[in-house]
Structures are given as structure tokens and as C-alpha cells.
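These notes are about the structure you will find just below.
The values are calculated or read from the model by the stated rules, or taken from the named source; none is laboratory data. Computed from a prediction, not measured in an experiment: that's the story for all the values here. Note that each Cβ is placed from the backbone with ideal geometry, even for glycine, and that neighbours are counted across all protein chains shown. The accessibility values were calculated without ligands, DNA or RNA, using every heavy atom of the protein model including side chains. Shrake-Rupley method; radii C 1.70, N 1.55, O 1.52, S 1.80 Å.
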Amino acid sequence: MAFTPRIGVYICHCGINISASVDIEAVTAFAASLPAVIIARDYTYMCSDPGQALIKEDIEQLKLNRVVVASCSPRMHEPTFRAAVASAGLNPYCFEMANIREQCSWVHPGSEATTQKAMDLIASAVAKAAHLQPLITRQVEVSPSALVIGGGIAGLQAALDIAEAGFQVTLVERAEQPGGHAAQLHTTFPYMQPARELLRPLMERVDAHPRIEVMLSAEVEEIKGFVGNFEASVRQSEEMRTVSAGSIVIATGFEVFDAHIKKEFGYGLYPQVITTLDFELLSAQNLQVNGHSPRKVVFIQCVGSRDQSLGNPYCSRVCCMVAARQAKWVRQRLPEAEVTIFYMDVRAFGKGFEEFYDQVRTCGVIYRRGNPSEILRQGEHLLVRAEDTLLGEVVEVEADLVVLALGMVPRQDSAALASLLKLSRSADGFFMEAHPKLRPVDTSVAGVFLAGCCQGPKDIADSISQARGAAAAAMIPLLRGQVQVEAATAYVEEELCAGCGQCAQVCTYGALRLHPVRNVMTVNQVLCQGCGACASACPSGAVTVSHFTFTQTMAQLEVLLNGSNHQRKQELLPTASLMAK
Amino acid sequence: MPDNNHFEPRIVAFLCNWCTYTGADLAGTSRLQYPPNVRIIRTMCSSSVDPVYVLKPLLDGADGVLIGGCHPGDCHYQTGNYKTRRRYVAMQEILRASGFDPRRVWLRWISASEGQKFADTITDMVASLKEMGPNPMQVAWAI
């Protein structure tokens, strides 16, 4: 018996996120009129339990065999709805989404044109749905191990958590010693704890752990494979080693902004101008300038952060509290010293930060709102010139020590690592999470997770939080023992294939081979990643990628360009000849 | 002479799942506004865009076709976008030879973080197509 699509269309209001600019009633009526559509419904939140129940009931009662949900991006809720239709007994690949939120209601004002666009996107999804084929998802075994790249405080914590859960971890650190930037700190805010008290126990536990192998002075040069079975080539002093891992945590950290770039502050020119990082080293010894204790200390905030002219518009999130902590330290050790902090805004957002900021002000540190424009030499001293934006006048403050509160910048080599793993980077150059709110430790690559400052500036507490989050997420495939591999792969219709091999030429993964006997191309389903380069290269239309087929795309184009009125109803069904290439 | 100011171009966009489609989503999450003239079709990789996918909408009267992929070097499938780039150059010749203005077909590299670039691209493309006027195929079919 010929297959007849029976499609259900479900239109989501997303609260008012969609319904505010799209006429849901009109769209639902339109969807109901589309060919092969048995039912069209709308609901406030389709992804909610009652929303999903609507779909499941209809699949069972109306014998739907294809489902379209018009709501958010498939990158958001495709897994949710695939699971929902699967629980009602439908193959998860018999589901299609129309993205009418991110790509419609959120980017256009409420208007007829916006509603028309939503209708077109739904018609396109329905046209595709009529041609969807059930696919079999395959499972592969997972290598029960993880690779952590970067041995700073985030990487150490992530490695420790994964190892504690019972998995083998390889920790690759580029430097000769682990610890990262935290190892350069003297004390931490807001509780004035020595940094080594936090870091040392962590390093010792990692070092002694039977399931963690730490590779120092080592670099990852190549990563192959996919979630469950990554293979990394790691170079350690002229020697190459292959490390297999089920998941990967990236914890490569940041670089400190180079103070030389801000020429007006004379870093490297005036010996009395130091950075917050230099201060850590000095305070570990004893704070001395030219052989005596400084009497007038000026801190300058936001050096390298919140600076459009440098292309660093973001806040580095730690410098306000670092400067406050160092200022407090000066006031405690040198009660005679006058301490001034020039700031734009004080950001004391963390737990205990505001209280700490109050303490610092109470202990006599002077906060002046303004961004210094230059530092001049005046005899043995320096003169910091700034506009006090609260007084609205130019002020000059004498100093025998100026401390620049440096921001964080992405590592220079982050582009190389991004390219190695095909990760996205945000506009600021830090690695991009899969979703800014809902998937803060995931990347767009399955099985690769982010921890610490490689994703954006953060303090130690936040780095640890993210590291533990990333470790937990990285353990999901490891604990499961199996992962689903891409079911939407290529296949060859042997009757059409001439064995010319053009598909094999464009395949990055070597997934296509000429069959020695049948003289047609064959696809290795394990190697194929489903990109579709082969399908568009085939001159005879013999290669197809499941779930993104030529027929499906042509059906989408047909309704988008020529509409989907009822006269065309027959043509849209899979039996119609216009779909044939 | 058609009144180009009141003409609303129809654009079909093929966006790769990993970069440009996600960039278009980011334009949404950032609530950036752009003209509603584009209909997006998600593809896994820009390299899977068959030349027929470009010719079919143009023959059917679409005013423009946009292909969006990852920046060179950033392709999720290593080298897919290089293949797209080569094919695009060849396609421009075919379009010219078959009487289409090749400026109706755009190839743009838009990453997952470039929501603004996506919105700007659509805005620019709509403006540019308005200047060019409707796809002559619309008239051709009418006769």
C-alpha cells in the first residue's frame, strides 16, 4: 500500500513570545488547510507537559505519522519533541520543526508580513514532513575516559571530579607546572585567603589520583572522532601520543591584558607603574618602591576592559575586587599610605563582594569616579591626571606607585584550538557556549565542554562552579556507556550510480568507496557525518543524505515559491513526479 | 518601469546548521530586527546546497538566494565551505550564461556569534534586490 502522510501541526504561542507578533489563529487555520494535514492545534507552551501530551494523544488517536511543531529553533527543542513523538511510538525522524520564534517573531514586528512568514515557514516544514523517512539511530560504545585540556584551577577541578566518579582522565597542560594563573596570585578576595591554600590541596589530589594522568609541557595537536570516541594526538617533548576520550573538557583559561598597549599609562617606561599581577609578586615579598614603602598609591580600574577603542567592550569581572583587595592590603600593611582607586563603576556582584567593598571603603581607601587620561612624571613621583566625573572637573593625584587593574583577554592560540575542534567563538574571542543561559558549559560540538575563563572572564569561585558543571556534563556520555551516532547519513542508489567517484573526491571523511565487484559507490555509515557534500556533487543524483534529501528540499522550495493551494495538493505528495531529480 | 520602492523581494536562504543558522537564531535571541523577506531552509553544511536549489527558486521567480556557511577554516565538516566557495564561483558563470544577474545569489560567511552580521546581511540584500527590481522570470512566466 502506498504511504499516505498524515500530518499534525502544532503551533506554539511561547507565552507571548510568538503570539505578540504572529496572528496565531490565522496561522493555525492556514496550517489546517495544508495538504496532508489532519489536525492543526495551537497551545501556550508546546514544550510543556500538557503541550507534549496534545501531540502524543493525536498521534495515537488520529493515527498521525508525521508531526510538525512551529515554535522555537530546532537547536532549542528538537530533542524534546523528538523524544515526545518517540514516546508515542513514532520514529523521531518523522518530526520537523518550523522556527517561527528566533527566525520570525523575535526579529520582525507584529504585522501581516510576519504572520505571512510564519505561514510560509510552516508550509515549508509541512512539505518536508510529507517526505520524511523514519531512520534508525545507531548506538556506539563510549570510551570510558575524558580529556581535560588545560591544568589551571578549572581544569584541575574538572579532572578531579571526573576521576572521582571512576573514569580515567588525561590532563594536558602546556606549561611545565599546573596551576595556571591562580598559581600567580598571592591572596584571594573577598576573604583574603592565600591562593596557595586553595590551589595546593587541589594539585596534590590531582597528582596523587590513580585515575588521572597529568601530561605537562604537552600540547594537543589534532583531535579526530566524535562524542564517545575522540582521539587526540598529544605532543610531549618531541614524542607524539594518542589519547582516546569519550568526552573533552576545555579549560585553557585566558591571557592577561598587555599593559604596554595602553601607552598613556607608561607601563614599562615608569618603574613606579606596575600591574595587579606585578603587585601579587611584590606583596608576596614586601611592598617596596625604590627601596622604601610607598606613601601614595593609585589604582586604575578597567585597564584593557570596557574599552571600545581596544575592541574589548566586555567587563573582566575580577579587576574591581582584585584592586579592592590589593588596596585593602596596602592600607593594612602601610597605614600611613594614601590609597586612591580610579574607577568607572564598581561591580561587586558576587556573594560577599558588596560587603567586602564596604570594608575596603571603611578602611580608608578613596574611590574616585573617573578614567585617568595620562600619567606624568613629576620629579621622583608620578602625577595621575583624570576627570573626576562626579565633581565634573580635572583632578591630578600624586603617586609614588600606580597599579593598573588588568583585564582578561582570550588566549592568542584560542583560534587554533577552536579550529581544531570546530568550536565557535563569541565576538569577544572567548569560546562560545551552546546557549548563553540554558547550556553554559556545552559547546556546539557534542561531547566537548567548557570550564573556566576560556569561555569568558570569571573569578575562582565561578571557574570552579563551571568546571564542576562541565565535569558533570562530560560524564553523561561516559556513564551511559553508549552514544547515539548521526542517523542522517548518506546512501547511494545503486541503479543511478555510475561509479564515477566524484562523491569520494569531496568526502572529507573517506566514507565513500567504489565497490570492487558491483562498481558502484558505497557509504561507510560509521565514517559518514552527514554533511551532504557528496549529494550535491553527484552528477546523477545517486547520492542522498537522509533527512535532508533532494526531494524534501525541492518540496520546500515548491511551496515557498509557488504556494501550497489546494490545486497543488496532489503534487505535494511523495508520489508526484515533479520531485524526481 | 516597475515601482521598485513598493516591491518586496522574496529571498530563499540556505543556512548551514552549525554557523549561519545558529547566527540567525542569535539575531533572534538578541531581538535584532531585519526585513521579513527571507525564508530560511536549514541545511547541515553549505556544501550540501545543490546548484539546483539555487536555480529552482530563481526559475520560480524568487528575487534572491542566500547561501550562508561557516567562515573559511571554521567548517564543522573541516572543508565543506571551501567546496561551496568553488561551486559558487562556477555557479556565477552558469547564472550569467543563463541570463540571471549573478548578483541575485549571495554567499556569505556568518558565524554562530554573528547575529548582527546576519541581520545586516538580510537588510543589505533586501535593499540591493529592491534596487535591482523583481526577478525578470516572474514576468517571463506570466507570458
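Residue pairs, Cβ under 8 Å, 6 or more apart or interchain, first in region A:162-184 and not assigned by TED's automatic domain parsing to the domain that holds A:I248, second surrounded by fewer than 14 Cβ atoms within 10 Å (Cβ to Cβ) and not polar (S, T, N, Q). List them.
Listed by first residue and then by second, the contacts come to nothing, as the list is empty.
Being outside the structural domain of A:K458 (by TED's automatic domain parsing), under 40 Å from the mean Cα position of the chain (by Cα) and open to solvent by 20 Å² or more (accessible area, probe 1.4 Å) is true for just one of A:R347, A:R331. Which residue is that? So that I can check it myself, show each step before the final result.
Details: A:R331 fails: under 40 Å from the mean Cα position of the chain (by Cα).
Only one candidate qualifies: A:R347.
Inside region A:120-135, can you point out the residues that are in a helix (DSSP H, G or I) and either in contact with a strand residue (DSSP E or B) (Cβ under 6 Å, 6 or more places away or on another chain) or surrounded by fewer than 22 Cβ atoms within 10 Å (Cβ to Cβ) (or both)?
Of the residues in region A:120-135, the ones in a helix (DSSP H, G or I) are A:120-129.
Selection gives A:D120, A:L121, A:I122, A:A125, A:V126, A:K128, A:A129.
Among the residues of region A:432-442, count how many are at pLDDT below 95 and either buried (at least 21 other Cβ atoms within 10 Å of the Cβ) or not assigned by TED's automatic domain parsing to the domain that holds A:K224 (or both).
Number satisfying all stated conditions: 2.
I'd like to know if region A:496-516 contains one or more residues that are at pLDDT below 95 and charged (D, E, K, R).
yes
Report yes if B:Y34 is among the hydroxyl-bearing types (S, T, Y) and farther than 20 Å from A:Q552 by Cβ, otherwise no.
Values: among the hydroxyl-bearing types (S, T, Y): yes; farther than 20 Å from A:Q552 by Cβ: yes.
Judged against the criteria, B:Y34 is a match.
Here are the criteria: (1) away from every other protein chain (no Cβ under 11 Å); (2) open to solvent by less than 20 Å² (accessible area, probe 1.4 Å). Tell me which single one A:Q455 does not satisfy.
With respect to (1) away from every other protein chain (no Cβ under 11 Å); (2) open to solvent by less than 20 Å² (accessible area, probe 1.4 Å), A:Q455 is out only on (2).
Quick one: which residue in A:E374, A:E393 is outside the structural domain of A:G228 (by TED's automatic domain parsing) and either under 30 Å from B:W18 (Cβ atoms) or without any contact (Cβ under 8 Å) to a residue 12 or more places away in the chain (or both)? Break it down into steps so the answer makes sense when it comes.
On the way: A:E374 fails: either under 30 Å from B:W18 (Cβ atoms) or without any contact (Cβ under 8 Å) to a residue 12 or more places away in the chain (or both).
Within the list A:E374, A:E393, the selection yields A:E393.
In this structure, is A:A474 open to solvent by less than 20 Å² (accessible area, probe 1.4 Å), in the same structural domain as A:K224 (by TED's automatic domain parsing), of a type outside the set (K, R) and assigned to a helix (DSSP H, G or I)? Before you say what the answer is, go through the steps one by one.
Details: open to solvent by less than 20 Å² (accessible area, probe 1.4 Å): yes; in the same structural domain as A:K224 (by TED's automatic domain parsing): yes; of a type outside the set (K, R): yes; assigned to a helix (DSSP H, G or I): yes.
In short, yes.
I'm checking my understanding of the structure. Among residues of region A:504-544 that are assigned to a loop (DSSP other than H, G, I, E, B) and of a type in the set (S, T, Y), which one is farthest from the other protein chains (Cβ to nearest Cβ)? Working first, answer last.
Looking only at region A:504-544, we keep the residues that are assigned to a loop (DSSP other than H, G, I, E, B), and these are A:507-511, A:515-520, A:524-532, A:538-542.
Filter once more, so that each one left must be of a type in the set (S, T, Y): A:508-509, A:540.
Values: A:T508: 5, A:Y509: 8, A:S540: 12 Å.
The extreme case among them is A:S540.
Residue by residue through region B:105-127, note down the ones that are touching a residue at least 40 places away in the same chain (Cβ under 8 Å), away from chain A (no Cβ under 14 Å) and of a type outside the set (A, V, I, L, M, F, W, C).
Result: B:R108, single match.
So which helices (runs of 4 or more DSSP H) stay within region B:1-98 end to end and still have 2 or more residues that are more than 7 Å from every other protein chain (Cβ to nearest Cβ) and either on the phi > 0 side of the Ramachandran plot or open to solvent by 30 Å² or more (accessible area, probe 1.4 Å) (or both)?
Values: elements: B:20-29, B:51-59, B:80-97.
Helices (runs of 4 or more DSSP H) meeting the threshold: B:51-59, B:80-97.
Quick one: is A:A427 closer than 27 Å to B:T29 by Cα and modelled with pLDDT of 90 or more?
Numbers: closer than 27 Å to B:T29 by Cα: yes; modelled with pLDDT of 90 or more: no.
Judged against the criteria, A:A427 is not a match.
Do we have any residue at all in region A:101-112 that's polar (S, T, N, Q), within 14 Å of chain B (Cβ to nearest Cβ), in contact (Cβ under 8 Å) with a residue 60 or more places away in the chain and over 22 Å from B:T43 (Cβ atoms)? Steps first, please.
Within region A:101-112, the first condition is being polar (S, T, N, Q), and the residues that meet it are A:103, A:105, A:111.
Cutting the leftovers down to within 14 Å of chain B (Cβ to nearest Cβ) gives us A:103, A:105, A:111.
Cutting the leftovers down to in contact (Cβ under 8 Å) with a residue 60 or more places away in the chain gives us A:105, A:111.
This time we only want the ones that are over 22 Å from B:T43 (Cβ atoms), so: A:105, A:111.
Scanning region A:101-112, I find at least one residue that is polar (S, T, N, Q), within 14 Å of chain B (Cβ to nearest Cβ), in contact (Cβ under 8 Å) with a residue 60 or more places away in the chain and over 22 Å from B:T43 (Cβ atoms), so the answer is yes.
Of all residues in region A:545-563, which are more than 10 Å from chain B (Cβ to nearest Cβ), open to solvent by 20 Å² or more (accessible area, probe 1.4 Å) and either outside any helix (DSSP H, G or I) or modelled with pLDDT under 95 (or both)?
A:G563
Here are some residues: A:L420, A:L450. Which one is open to solvent by 30 Å² or more (accessible area, probe 1.4 Å), in contact (Cβ under 8 Å) with a residue 24 or more places away in the chain and either among the hydrophobic types (A, V, I, L, M, F, W, C) or in the same structural domain as A:M76 (by TED's automatic domain parsing) (or both)? Before you say what the answer is, go through the steps one by one.
Numbers: A:L450 fails: open to solvent by 30 Å² or more (accessible area, probe 1.4 Å).
Among A:L420, A:L450, only A:L420 is open to solvent by 30 Å² or more (accessible area, probe 1.4 Å), in contact (Cβ under 8 Å) with a residue 24 or more places away in the chain and either among the hydrophobic types (A, V, I, L, M, F, W, C) or in the same structural domain as A:M76 (by TED's automatic domain parsing) (or both).
Go through region A:216-260 and count every residue that is surrounded by fewer than 20 Cβ atoms within 10 Å (Cβ to Cβ) and closer than 17 Å to A:L156 by Cβ.
2
For region A:266-311, enumerate the residues that are more than 23 Å from A:G364 (Cβ to Cβ) and in contact with a Ser or Thr (Cβ under 6 Å, 6 or more places away or on another chain).
Of everything in region A:266-311, just one residue is more than 23 Å from A:G364 (Cβ to Cβ) and in contact with a Ser or Thr (Cβ under 6 Å, 6 or more places away or on another chain), namely A:S305.
I'd like to verify a number: residues in region A:80-100 that are within 14 Å of chain B (Cβ to nearest Cβ) and within 24 Å of the chain's Cα centre (by Cα), how many?
Residues meeting the conditions: 4.
Can you spot a residue in region A:314-337 that is touching a residue at least 24 places away in the same chain (Cβ under 8 Å), more than 18 Å from A:T276 (Cβ to Cβ) and among the β-branched types (V, I, T)?
Checked region A:314-337: no residue is touching a residue at least 24 places away in the same chain (Cβ under 8 Å), more than 18 Å from A:T276 (Cβ to Cβ) and among the β-branched types (V, I, T).
Tally up the residues in region A:434-448 that are assigned to a loop (DSSP other than H, G, I, E, B), within 12 Å of another protein chain (Cβ to nearest Cβ) and more than 14 Å from A:L421 (Cβ to Cβ), please.
Let us first name the residues in region A:434-448 that are assigned to a loop (DSSP other than H, G, I, E, B), namely A:434, A:436-438, A:440-441, A:443-447.
Now narrow it down to the ones that are within 12 Å of another protein chain (Cβ to nearest Cβ): A:434, A:436-438, A:443-446.
Of the ones still in play, those that are also more than 14 Å from A:L421 (Cβ to Cβ) are A:436-438.
Matching residues across region A:434-448 total 3.
Among the strands (runs of 3 or more DSSP E) confined wholly to region A:136-250, which include 2 or more residues that are acidic (D, E)?
Working: elements: A:138-141, A:145-149, A:168-172, A:212-215, A:218-226, A:229-236, A:239-245, A:247-250.
Qualifying strands (runs of 3 or more DSSP E): A:218-226.
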